[in-house]
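Okay, structure first, notes after.
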Amino acid sequence: MTAVIKRARPSVAADPAHWSTVPALALLLTLVCGVVTLALPQYAAVTVLALVGVVFVVGMQSFAGNSGIFSFGHVAFMAIGAYTTAITTIPEATKKILFPGMPEIALPAPLALVAGGLLAALVAALVGIPLMRLNGLAASLGTFALLNIVYNLANNLDAITGGSTGVSSVAQGLSLTHALAWSAVALLIVWTYQQSGHGLALRAAREDDVAAQSLGVAIARERHISFVVSAFVCGLSGGMYAQASGSFSPSSFFLVATFGFVTMLVVGGRLSLTGAVLGVLSITLLREGLKVVEQATQYTGAVEIGMSAAMLLTLLLRPLGLMGTAELVFARRGESR
Amino acid sequence: MTEDILSATGLVRRFAGVTAVDDVDLSVRTGEILGLIGPNGAGKTTLVNLVTGFDRPDTGRVFLDGHDITRLSAAQRSRRGLVRTFQGARIFGRLTVRENLVVSALPRLGSRRRAESRADELLEYGEVTALRMTPGERLSAGTQRIVGLLRAVAAQPSALLIDEPAAGLNEVESDQLSRLLSAISENMEIGMMIIEHDMKVIMSLCHRVQVLNHGRTIAVGSPDEIRRDPAVLTAYLGSSSGNAHA
Ligand SMILES: Nc1ncnc2c1ncn2[C@@H]1O[C@H](COP(=O)(O)OP(=O)(O)OP(=O)(O)O)[C@@H](O)[C@H]1O
Ligand SMILES: [Mg+2]
C-alpha cells in the first residue's frame, strides 16, 4: 500500500468518497510531526501553529468547498473559540487579579475547546439565518461583515475579553501530539459531513443551483448546516490557538489571519480536503522561508508580499489550487491507474 | 377531474411587451404522456417554469394530486413529486454520474444507502452503469440528456415535465431517448409532459398533444387529430420558425 494522489484525469474517475482520505492525511501530518520532532526541534512551536491552521482551514473548507461561497468571516469563529477557552481555563487566582470581569466558569482543557466550538456553532446558527439566504459574492461580503462585528465586540467588551490589550496567561500549552489528535478529529468531522447526504446536496447546489432546486434541494438550509459544522471546527481551532500561544488580542483574529488562511485554502485547493491540508503546509513552509529572508535582508514585508504573490500566481495559473478536486488516498500499486 | 395528477387553470404570465403565457389550462393523468408543442417563443418553457415554481404566474393556479401548490417553492414542489428537466441538461459537472442521481433520490428516500441503490438501479436501467464514476462534465451532450432524465426519475416523481429532451441529439441518441421515455411511462406510476420540436418523437410517444401559439392553447387532442388540425397547420406554416417536421 502506498499513498497516492488521485488525479482527475479523464480516464480516472475521481472518487472523493474513498474511505482512506482521512487516514492518509492523518499519516501525512504524523510524518511531518515526526520529522520536526527528530530533525528540526526548533520548529516544534511553528508546527503546532500549523496544525492549528490545519484545523481552521479544514473547517473553512467544509463550508467554502462544498457551498462554493468563499468566507472572509470564519476567523470570527476562531476568535469565539479562543476567548471561550481563555475565559474557561485561565486559573482562578490569575483571573481575579488580571480579568476580574470575566465569568467564573472553569473547564478542563479539552472540554473548553469543545465549548468554544459549540459556542461558535451557535453563533453560526443564528447569523446563518439571514446570511445563508444570500448568494455568491453577497454571502462572502456578509461573512466579512461578521468578522468586523466580532472583532469590534472583542475590542470593546473589555470586562469579558480584556479589550484591545487582549488576554494572557492561558496556561495549558498545546503539545504536538494533542495538536495532531485534534487535527485528526477535525478531518474526520469534515469528511463525515462532506460524505453525508447534506454535503452531497450542497455540492450539487454549488455546481448548479437551479438543477439542485428542481430536485428538491433546500439550498439555504443545506448551506446553513454546512456553516454550522464549519463554525464548530473553526471554533475548536480557536481554542487550540489560545492554548498554543497563551496570549492573544482581538487583532490576532482579524485581517492578517483572514488573509493568511484564505491564501492557504486558495493555494491548496478549495474543493479538496487534501488541498486544505497541503495549503497550510506549503504556505507555512513559504512563510518560514521568507522569514529567514526578512532577517537576512532586514526587509520586513517579504512574508506578506510573498504570500500575496503565491495567491495571485495560483489564481492565474491554477485556479482550483494545487489539488483541484483530487484527494490523497491509499491505493495498491496500480490501482490508481 | 381529480384523476389528474397534475393540472393548472388560467395561467397568465406577462413580461414587458409580451404575454408569454395567456390563460392556459393544463391537465396530465397518471400513466399519460402529454406532448406540448408550438413554434419557437410560443411560451412552452415559460409554462413549465410556472408549473414547477421557477417562475410565478400573474394569475392562475397549479394543482398536484388535487392539492393547490401555487404558492410552494420549486424545491418544495419537487419534494412533493413534481419534477422537471431543462432545455440544457444542467448536469452537476464535478459530481460523478452516480452522485448526480443520488442527490436526486435523497430527499424522498432519506438514507444515503437507499438513494445509492436506487441510483444504481436506474443507471442499469438506462444502460449507463459503466459511466457511474465519471464526472458529469466529461459526458457527451447526448449522454448528459440521458443522465439528466434518469436523474429526474431518481426523485421518484409522480409528475415529470421534460423540456426538449431530443434537441441536438443524433438519430440514434434520439431513438434511445424515446425508448427510455416510453419505458419510464409504462413502468412507473407517473404522468409526463414532454416539450419537443421533433414531431417524430411527439407522434410516437404522446397520448395527447396540446399546442401553444403566442401563449395561447390553440388545440388539444390525439396526435392524429393534431396532425390534421387546421389551426395548428396555420400556426406552424405561418410562423417563420417552421421547426415542426410534420
Ligand atoms: N425572462 C423573460 N423575460 C422577458 N421575456 C421572456 C422571458 N422568458 C421568456 N420570455 C418571452 O416569452 C416568450 C415565450 O418564451 P418561451 O421561452 O417560453 O418559449 P418556448 O415556447 O419555450 O420557445 P422555444 O421553443 O424557443 O424554447 C418569448 O417571446 C420570450 O421572448
Ligand atoms: Mg423553450
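Of the residues B:Val12, B:Val48, A:Ile225, the one whose Cα sits farthest towards the positive end of the charge dipole of the protein assembly as shown is A:Ile225 (charges of +1 on Lys and Arg Cβ, -1 on Asp and Glu Cβ, taken about the Cα centre).
Computed over the alpha carbons of the range A:146-206, Rg followed by Dmax gives 18.2, 46 Å.
When Rg and the Kirkwood radius Rh are both evaluated on Cα atoms of the protein assembly as shown, their ratio Rg/Rh stands at 1.08. Ordered from longest to shortest, the equivalent ellipsoid semi-axes for the range B:110-187 are 20, 16, 11 Å, each the square root of 5 times a Cα gyration tensor eigenvalue.
Expressed as a whole percent, the accessible surface of the range A:21-253 that belongs to carbon and sulfur atoms is 71, based on a 1.4 Å probe. What shape does the range B:42-99 take by its C-alpha gyration tensor, where a ≥ b ≥ c are the square roots of the eigenvalues and a/c under 1.5 counts as rounded, a/b above b/c as prolate, and the rest as oblate? Verdict is oblate for the range B:42-99. Taken over the alpha carbons of the range A:254-337 as equal point scatterers, the Debye sum produces base-10 log I(q)/I(0) values at 0.12, 0.19 Å⁻¹ of -0.41, -0.81. Using a Gaussian network model of chain A in which every pair of alpha carbons under 10 angstrom is joined by a spring, one finds that among A:Leu200, A:Leu273, A:Leu118 the greatest mean-square fluctuation is at A:Leu200. R0 = 25 Å: FRET efficiency of B:Arg179 with B:Asp224, Cβ-based, nearest 0.05? That pair, B:Arg179 with B:Asp224, gives E of 0.70.
Pairing chain B with chain A buries about 2300 Å² of accessible area. This figure sums both sides and uses a 1.4 Å probe.
When every alpha-carbon pair in chain B is counted, what percent end up more than 32 Å apart? For chain B, the share of Cα pairs beyond 32 Å comes to 18 percent. Take each residue of peptide B:68-78, count the partner chain Cβ atoms within 10 Å of its Cβ, and average: the result is 3. Result for chain A in a Gaussian network model with C-alpha springs under 10 Å: among A:Ala231, A:Ala276, A:Ala218, the largest mean-square fluctuation is at A:Ala218. For the protein assembly as shown, the per residue solvent-accessible surface stands at 42 Å², with DNA, RNA and ligands left out and a 1.4 Å probe. In units of the compact-protein estimate 2.2 N^0.38 Å, the range B:107-246 shows a Cα radius of gyration of 1.19.
For chain B, a crude dipole built from +1 on the beta carbon of Lys and Arg and -1 on the beta carbon of Asp and Glu, taken about the Cα centre, is about 900 debye to the nearest 20. Based on the Kirkwood approach, the hydrodynamic radius assigned to the range A:57-164 is 14.9 Å, with every pair of different Cα atoms included. With the charge dipole of the protein assembly as shown set up from +1 on Lys and Arg Cβ and -1 on Asp and Glu Cβ about the Cα centre, the Cα lying farthest toward the positive end among the listed residues A:Gln195, A:Ala179, A:Val75 is that of A:Ala179. If you take every DSSP beta bridge fully contained in the protein assembly as shown, what fraction is antiparallel? Give it as a percent rounded to 5. Taking every DSSP beta bridge with both residues in the protein assembly as shown, the antiparallel ones total about 60 percent. Taking the Cα centroid of the range B:115-142 and of the range A:157-215, what is the distance between the two, rounded to the nearest whole Å? When both Cα centres are located, 33 Å separates them.
Taking label positions 7 Å along the Cα-Cβ direction at both A:Ser169 and A:Leu126, the computed distance is 2.9 nm, reported to one decimal.
Counting Cβ atoms of other protein chains within 10 Å of each Cβ in B:132-140 and taking the mean gives 3.
What you get for the range B:184-243, charging only the Cβ of Lys and Arg (+1) and of Asp and Glu (-1), is a dipole of about 240 debye around the Cα centre. Mean partner shielding of peptide B:49-59, defined as the number of other chain Cβ atoms within 10 Å of each residue Cβ, is 1.
Peptides B:222-234, A:283-295 ranked from most to least packed by the mean count of surrounding Cβ atoms within 10 Å: A:283-295, B:222-234.
Taking amide H atoms as placed 1.01 Å from N in the peptide plane, the amide H of B:Ile190 lies under 5 Å from those of B:Gly31, each 5 or more residues away in sequence or on another chain.
When both bridge partners sit in chain B, DSSP labels roughly 55% of those beta bridges antiparallel. Distant-in-sequence amide contacts of B:Thr70, defined by a placed amide H-H separation under 5 Å and a gap of 5 or more residues or a different chain, comprise B:Val62. Largest GNM mean-square fluctuation among A:Tyr43, A:Tyr241, A:Tyr193, using chain A with Cα springs under 10 Å: A:Tyr43. Across the options A:Gly279, A:Thr300, A:Leu111, the greatest Cα extent toward the positive end of the charge dipole of chain A (unit charges at beta carbon of Lys, Arg, Asp, Glu) belongs to A:Gly279. Using only Cα coordinates, the Kirkwood hydrodynamic radius of the range A:21-253 works out to 18.1 Å. Would you work out if the range B:1-95 is rounded, prolate or oblate? Take a ≥ b ≥ c from the square roots of the eigenvalues of the alpha-carbon gyration tensor; rounded if a/c is under 1.5, else prolate when a/b is larger than b/c, oblate otherwise. Taking the square roots of the gyration eigenvalues as a ≥ b ≥ c, the range B:1-95 is rounded. Each residue of the range A:108-114 is assigned a 3J(HN,Hα), and the resulting list reads x, 3, x, 5, 4, 4, 4 Hz, derived from the Karplus form 6.51 cos²θ - 1.76 cosθ + 1.60 (θ = phi - 60°), x at Gly and Pro.
This model, with +1 at the C-beta of Lys and Arg and -1 at the C-beta of Asp and Glu, gives the range A:21-253 a dipole about its Cα centre of some 40 debye.
The values are calculated or read from the model by the stated rules, or taken from the named source; none is laboratory data. This structure is a prediction, so every number in the text was calculated from the model and none was measured. Every residue, glycine among them, receives a Cβ derived from its backbone with ideal geometry; neighbour counts consider all protein chains shown. These area figures cover heavy atoms from the full protein model, side chains too; ligands, DNA and RNA do not enter into them. Shrake-Rupley method; radii C 1.70, N 1.55, O 1.52, S 1.80 Å.
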